[in-house]
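**Student:** One structure coming up, written as structure tokens, with questions to follow.
Values in this text are rule-based calculations from the coordinates and carry no lab data. Every value quoted in this text rests on a predicted model; they were computed, and no experiment measured them. So basically every Cβ, Gly included, is an ideal-geometry build from the backbone, and we count neighbours across all protein chains shown.
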Amino acid sequence: MREGSTAVVSAKVLIPHVHSLARERVDGLLDRIWQHRVGLVVAPAGSGKSTLLAGFAAAANVPVAWYRAESWDAKTVTLLNHLWSAFTAALGPIPDGWDSVEAAAHALETWGGRRALLVIDDLHTLEDSPAALTLERLIDYAPPSITFLIGSRALPGFNLSRLRVSGSLLEIGSEDLRFRSWEVERLFRDFYRESLPPEELAELARRTEGWAAGLQLFHLATRGKSALERRRILTALGTRSRLTHEYLTRNVLDQLPADLRWFLVRTCVMTRLSGPICDAFLNRSGSQQLLQELERRQIFTTATDDRGGYRYHEVLRSHLEQVLMEELGEIQARAAYRRAGALLEHSGALPEAVQAYSRGEDWEAVDRLLHHQGGELLEGPGIWIDALPPALLRQDPWLMLGSARRHRAEGRWREAVEAYQRAERLFGSSDAGLICAAERKALAGWLEPAPMPGNDWAGLLRKAVAHDPLAAKQLAAQLPEATGMLTIGVVCLLAGQLDQARAKLNAVADSRQATPPLATRRSGSDGWRAWRVRRSSWRTVPAAMSRPKRSAPLASATVIAGETPWLP
């Protein structure tokens, strides 16, 4: 990929090969597209949009240009380059030099065919970008021989009302894609070759709400199981959140051979997969065979090209990321993302590398790569968040969590609280969502005045900063060992008792209860521990406490997180 993300990624303009159940009801809806200018398929992840579009494209008796959008295609030139490549593959030689919508429309007018189809998948990744505006104009300017079929998780920001009024828009939604009970029966009987009793089919359709990914998960979990075990798993099905987390862990991942499960969890840190990249990441061989086996087993693994490239479905990958966090812990998981980022960068997958670095909270690497991709994306240090595609941030809870922590570390607390709230909504009731809520509440306590702060570490520090640090010192002695000593050390620092602060902070370093965020290092010939708060791991004291108002010693002892020493 060339600098600026303008090069064409061939995998994104190839029609995927899919093997799926033919559904006459849904196919019949798509057959009506030739009566319209634009077809729009909008549904959540795992609803079968991409499968439907790929099947329709493969069976169409007209030339089909295919393009799968990504967040990093937000520039107009990137979109037009990919569309030119897609149309060239479908229509044959047509004029190039697509530097504007007008040039693209003129080139398409030179084609002498009667009808062609452009399929764009994952349009939601271009939300609020120049590329999305460009596509809307291209729909207006392209010749009538070009029909557009679009898949997205959200309604695009087009002037849809104008298309509806003119009769130019065909809309297919999640309710249309939902499997009916008779389609669930056909799916298991004709496609999976494992018929189910009528009462189980009805219960499965009800519990999954006909969600395609949920049906596949159930099949994976029950394949080869006894009728009794199958009924037990069916009874355990709950909401989609539970289905894609607890249920997926217990009934799908845990049923895989150990090597496949381990491979899946460890490689989820990469959004673009291949045998050589995975081999380098895992320091082993044989990854290509494992990827092929995952695809053969239909474990939400899709080949992206004919040269050994793959990607995991977001339904699977978002779950795997939480499993990775639970198994490795946050620090090691971040290290894995950083290592993945370095490998992806070396292989030329710069957008994927930025995403991995962001999830690993390696902000220096993020800033460096964003500068490398185009100085116009950045206006100065510390605003990397603004340079990431908005759609990517809104859809990726881990990046949203990372941006919240970056805002917090740089003192933009209100922006941090808002980012935490968005991450919470994306994570739902998962463990990661609870982490977001805890960090948000700890930070919000410093922003929202409370008549009586609590007696946890945050409440005591608020009391110390705003009122009487020595009174807070007495209460802090009742906290758990490491947290209590840390709180006392900071309170003593605020009170100007530097010797006591030094003793308590040193004691925290030697405490067996000290967590990684409380880690310290020695510096200086006298053995003094210079406490530094590492931006990537600090989870306790907010980035910059409110400046005390009572005395000069307190004002001079303001605690600043980041790379600033706590004590001289």
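**Student:** How compact and how long is the stretch 181-255, expressed as Rg and Dmax of its alpha-carbon atoms in Å?
**Tutor:** 11.1, 30
**Student:** Let me ask something additional. Could you run the Karplus curve 6.51 cos²θ - 1.76 cosθ + 1.60 with θ = phi - 60° over the stretch 218-234 and give me ³J(HN,Hα) per residue in whole Hz, x for Gly and Pro?
**Tutor:** 5, 4, 4, 6, 10, 4, x, 8, 6, 4, 5, 5, 4, 5, 5, 5, 4
**Student:** Figure the gain on full extension for TRP182 and GLU481 (residue separation times 0.36 nm, minus the Cα-Cα span) and round it to one decimal in nm.
**Tutor:** 101.6 nm
**Student:** Another one. For a test of the definition: using alpha carbon positions, the gyration tensor, and the 1.5 limit on a/c, classify the stretch 10-177 as rounded, prolate or oblate.
**Tutor:** rounded
**Student:** GLN35 to ALA58: FRET efficiency via 1/(1 + (r/R0)^6), r the Cβ-Cβ distance, R0 35 Å, to the nearest 0.05?
**Tutor:** Working from the Cβ atoms, E equals 0.95.
**Student:** In nm, to one decimal, how far is the HIS19 label point from the ALA507 one, both placed 7 Å along Cα→Cβ?
**Tutor:** 6.6
**Student:** What net charge is computed for the residues neighbouring LYS225, neighbours being all others with C-beta under 14 Å from the C-beta of LYS225, Lys and Arg scored +1, Asp and Glu -1?
**Tutor:** Here the charged neighbours net out to +1.
**Student:** When a/c reaches 1.5 or more, the comparison of a/b and b/c decides; with that in mind, is the stretch 397-448 rounded, prolate or oblate per its Cα gyration tensor?
**Tutor:** Oblate, since a/c reaches 1.5 and b/c is not below a/b.
**Student:** Hey, can you grab everything whose amide H is under 5 Å from the amide H of ASP121? Only 5+ residues off in sequence or another chain; H modelled, so Pro and N-termini drop out.
**Tutor:** Here TYR67, ARG68, ALA69, GLY151 satisfy the definition.
**Student:** Apply the Karplus parameterisation 6.51 cos²θ - 1.76 cosθ + 1.60, with θ equal to phi minus 60°, to every residue of the stretch 313-321 and state each ³J(HN,Hα) to the nearest whole Hz, in sequence, with x for glycine and proline.
**Tutor:** 5, 4, 4, 6, 5, 5, 6, 4, 4
**Student:** How far apart, in nm, are the 7 Å Cα→Cβ label points at SER168 and ARG137?
**Tutor:** Taking the simple label geometry, SER168 and ARG137 are separated by 1.5 nm.
**Student:** Here is a further query. Points 7 angstrom from Cα along the Cβ direction at ILE233 and THR249: gap in nanometres?
**Tutor:** 1.8
**Student:** Here is a further query. Show me, for the stretch 40-54, the HN-Hα J-couplings you get by feeding each phi into the Karplus relation (A = 6.51, B = -1.76, C = 1.60, θ = phi - 60°), rounded to Hz, glycine and proline as x.
**Tutor:** Calculated HN-Hα couplings, in order: 10, 10, 10, 6, x, 4, x, 8, x, 4, 4, 4, 5, 5, 5 Hz.
**Student:** Something else about it: I need the trypsin sites (Lys or Arg not before Pro) found in the stretch 287-335, filtered to DSSP loop residues with at most 16 other beta carbons within 10 Å of theirs.
**Tutor:** Listed in order of number, the matching sites are ARG297, ARG307.
**Student:** Considering only the stretch 10-177, what is the antiparallel percent among its DSSP beta bridges, to the nearest 5?
**Tutor:** So the antiparallel bridges in the stretch 10-177 amount to around 0 percent.
**Student:** I would also like to ask the following. If r is the Cβ-Cβ distance from ASP128 to GLU199 and R0 is 60 Å, what FRET efficiency results, to the nearest 0.05?
**Tutor:** Efficiency at R0 = 60 Å is approximately 0.80.
**Student:** Further, regarding this structure: Compute the Cα gyration tensor for the stretch 164-300, then decide on rounded, prolate or oblate, letting a ≥ b ≥ c be the square roots of its eigenvalues: rounded whenever a/c is under 1.5, prolate when a/b is larger than b/c in the other cases, and oblate in all that remain.
**Tutor:** The shape class here is oblate.
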